[in-house]
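Participant: Got a structure here, written out as C-alpha cells. Questions coming.
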Amino acid sequence: MDQDFEVEESFVPNLRKPTYMIVGIPDAGLVGEIATEYLISKGIVDEFGQIYSRKHLPTIMHVDDGVAKSPLRLYYGKESNLVVLHAWTAIPVNSAYPLAKFISDYATKLEVSAVISITGMPIPNRLEIEKPNAYWIANSKELAQELSKLDIMQKFSQGYISGPYAPILFETARRKINNFAVVVESFLDIPDPEASAVALDIVSKYTGFTVDVSLLLQEAEEIRARIKGLMEQTKRELPTYASGKPMTYA
Amino acid sequence: MPAYKDLEDMVRKAIEAEMKRMEEIIEFVSREVKESMENQSYIEPLYTEIRRENRVVYVLDVPYLRDETIYIKLEKNTLNFSCTDNRGTKYRLSLRIPNDMSQPEVKVSRVKGRVCLIVEGKASK
C-alpha cells in the first residue's frame, strides 16, 4: 500500500462479486460529489474507513456529528455491494496523482470489478436543456467495447478530461483495473444536483442496484444551499488542474 | 482696527475651512463604515458566466430565493444584483460588463430555480 496515504478501517467489507467502487471528488458542478453524498445521506452506504495523508491532504477535518474526521472517507453498502470513496473537500492538484495511485492500490486490494468515476462536463447551454446527456470515457479498449454495447450513455469520442478523475483513468489502466468516468453535461461552477441524478441513474442501471433519485431531485434546492461553501472552495481549485480550461471538453 | 480685524477674519476663515474639511472627512469615513457594515451582512451568490457575441449570460444560484426581492441596477459597466432568500439571507453581487458592449440592456428570468441575467448590447450596424 502506498505510504503517501494511510487507511484506517473500522471493519473490512465482505464483498460479493462483482464489486464496484464509486468515486466522488469535487469538480465541475460537484456532480460526483453530490451523487456519492446522496448514497451516504440515504444510508445506502455506511462509513467503514478514513484515509489520511499528512503530505497530500489539506489541513482540513470534516466534522461529522461533532466528531472531526478525515475529509477523505470510505463507505460500503451491504445490500448494494458498493464501495464509495467520497471526498468532503476539494483535492489540491498536487495530490491528484498520489490519490489516483492510492485508489488503484486499494481497488486492487478489494478486487473490485470496476472503479466508476462520476464527473460533470460544463456546457454553455446547460440551462436550456431539459435532461443533460451522459457520456462514458473508458481506460481500456476492452472496457470501451463493453460500454459501447450499453444504451444508457454515449461514447465521449474525442476531447480531453482534466481534473482529479484524469489521473485515476491513467493509474487504473496501468494496474489493469477497469475504470470509466460517467460524464454528465453540467454547470461548471454552480452545483448541479440534476446532473448528479442522471449520473446516479446510469450507475444504478450499470451496477444493477436500484437507486431512487426522485428524492435527490426533490432535495435539489436544499443540497445547493448546503454545498455552496464546497463549490466556492472547488471553484478556486479547478483552474489549477487545467489552466483555465473546463474539466472535460471536446 | 482694520489691520487687527483682517487678521481675525483670516483666522476665522481658516478655522471654518478646516472644520468643513474635517466634516467632509467624518462624513466620508461614516459612509465607508456604513457601507462596509452593510456589505458584511450580504453574501455573494455562486454564479457562472457565459459570453456570447454581444451577449453575456449570468446564471446565479440562489436557493430558496424570494422572487419579489430581486433588485437589479445597471450603472455604466457595472450590473448590481441583490436579493433575499426566504431564510432571510441577503445576497449581493456586482458584475463588470464588457467595455465593448454598447447600450446594454438586462433581461431577468428564473429558469430551473436559478436566476438568469441576460445582458445584451445593441448590434453594431
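Participant: Can you name the residue in region B:78-104 that is without any contact (Cβ under 8 Å) to a residue 24 or more places away in the chain and within 16 Å of B:R51 (Cβ to Cβ) and, of all such residues, is farthest from the other protein chains (Cβ to nearest Cβ)?
Facilitator: Taking the candidates together, the pick is B:S102.
Participant: Could you tell me whether any residue of region A:20-39 is surrounded by fewer than 21 Cβ atoms within 10 Å (Cβ to Cβ) and within 19 Å of A:I116 (Cα to Cα)? Reasoning before the result, please.
Facilitator: First, pick out the residues of region A:20-39 that are surrounded by fewer than 21 Cβ atoms within 10 Å (Cβ to Cβ): none.
So far as region A:20-39 goes, no, none of its residues is surrounded by fewer than 21 Cβ atoms within 10 Å (Cβ to Cβ) and within 19 Å of A:I116 (Cα to Cα).
Participant: Looking at A:E237, is it touching a residue at least 24 places away in the same chain (Cβ under 8 Å), within 14 Å of chain B (Cβ to nearest Cβ) and among the charged types (D, E, K, R)?
Facilitator: No.
Participant: While we're on this one: Would you mind listing the helices (runs of 4 or more DSSP H) fully within region A:142-233 where at least 3 residues are more than 14 Å from every other protein chain (Cβ to nearest Cβ) and β-branched (V, I, T)? Before you say what the answer is, go through the steps one by one.
Facilitator: Details: elements: A:165-174, A:193-207, A:214-218, A:220-226.
Ranges flagged: A:193-207.
Participant: In this structure, is A:I137 modelled with pLDDT of 95 or more and within 14 Å of chain B (Cβ to nearest Cβ)? Give the derivation first.
Facilitator: Numbers: modelled with pLDDT of 95 or more: yes; within 14 Å of chain B (Cβ to nearest Cβ): no.
When the stated conditions are applied, A:I137 does not pass them.
Participant: Here are A:E219, A:E146, A:E232: which of them is surrounded by fewer than 18 Cβ atoms within 10 Å (Cβ to Cβ) and in contact with a Leu (Cβ under 8 Å, 6 or more places away or on another chain)?
Facilitator: A:E232
Participant: Of a type in the set (G, A, S), over 23 Å from A:R236 (Cβ atoms) and surrounded by fewer than 17 Cβ atoms within 10 Å (Cβ to Cβ): does that describe B:G113?
Facilitator: Values: of a type in the set (G, A, S): yes; over 23 Å from A:R236 (Cβ atoms): yes; surrounded by fewer than 17 Cβ atoms within 10 Å (Cβ to Cβ): yes.
Criteria met by B:G113.
Participant: Limited to region A:190-203, what total is found for residues that are acidic (D, E) and crowded, with 23+ Cβ neighbours inside 10 Å?
Facilitator: Filtering region A:190-203 for residues acidic (D, E) gives A:192, A:194, A:201.
Narrowing the set further to residues that are crowded, with 23+ Cβ neighbours inside 10 Å leaves A:192, A:194.
Residues meeting the conditions: 2.
Participant: Can you pull out every residue in region A:47-68 that is over 15 Å from A:F5 (Cα atoms) and touching an Asp or Glu at 6+ places or on another chain (Cβ under 9 Å)?
Facilitator: Our first condition is that a residue be over 15 Å from A:F5 (Cα atoms); within region A:47-68, this holds for A:47-48, A:60-68.
Across region A:47-68, the qualifying residues are A:E47, A:F48, A:D64.
Participant: Looking only at region B:57-76, filter to residues that are farther than 21 Å from A:P191 by Cβ and free of Cβ contacts under 8 Å to residues at least 24 places away in the same chain; which one of those is nearest to the other protein chains (Cβ to nearest Cβ)?
Facilitator: Start the filter on region B:57-76 by keeping residues that are farther than 21 Å from A:P191 by Cβ, which leaves B:68-69, B:71-76.
Retained after the next criterion (residues that are free of Cβ contacts under 8 Å to residues at least 24 places away in the same chain): B:68-69, B:71, B:73, B:75-76.
Values: B:E68: 18, B:T69: 16, B:Y71: 21, B:K73: 23, B:E75: 25, B:K76: 26 Å.
The extreme case among them is B:T69.
One line per residue, one yes/no per condition, for (1) surrounded by 21 or more Cβ atoms within 10 Å (Cβ to Cβ); (2) more than 14 Å from every other protein chain (Cβ to nearest Cβ); (3) in a strand (DSSP E or B):
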{"site": "A:E79", "(1), (2), (3)": "no, yes, no"}
{"site": "A:A90", "(1), (2), (3)": "yes, yes, no"}
{"site": "A:Y106", "(1), (2), (3)": "yes, yes, no"}
{"site": "A:K109", "(1), (2), (3)": "no, yes, no"}
{"site": "A:I118", "(1), (2), (3)": "yes, yes, yes"}
{"site": "A:P124", "(1), (2), (3)": "no, no, no"}
{"site": "A:K131", "(1), (2), (3)": "no, no, no"}
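The values are calculated or read from the model by the stated rules, or taken from the named source; none is laboratory data. Note that the structure is a prediction, hence the values are computed from the model and not measured. Glycine gets a Cβ as well: all are built from the backbone with ideal geometry, and neighbour counts include every protein chain shown.
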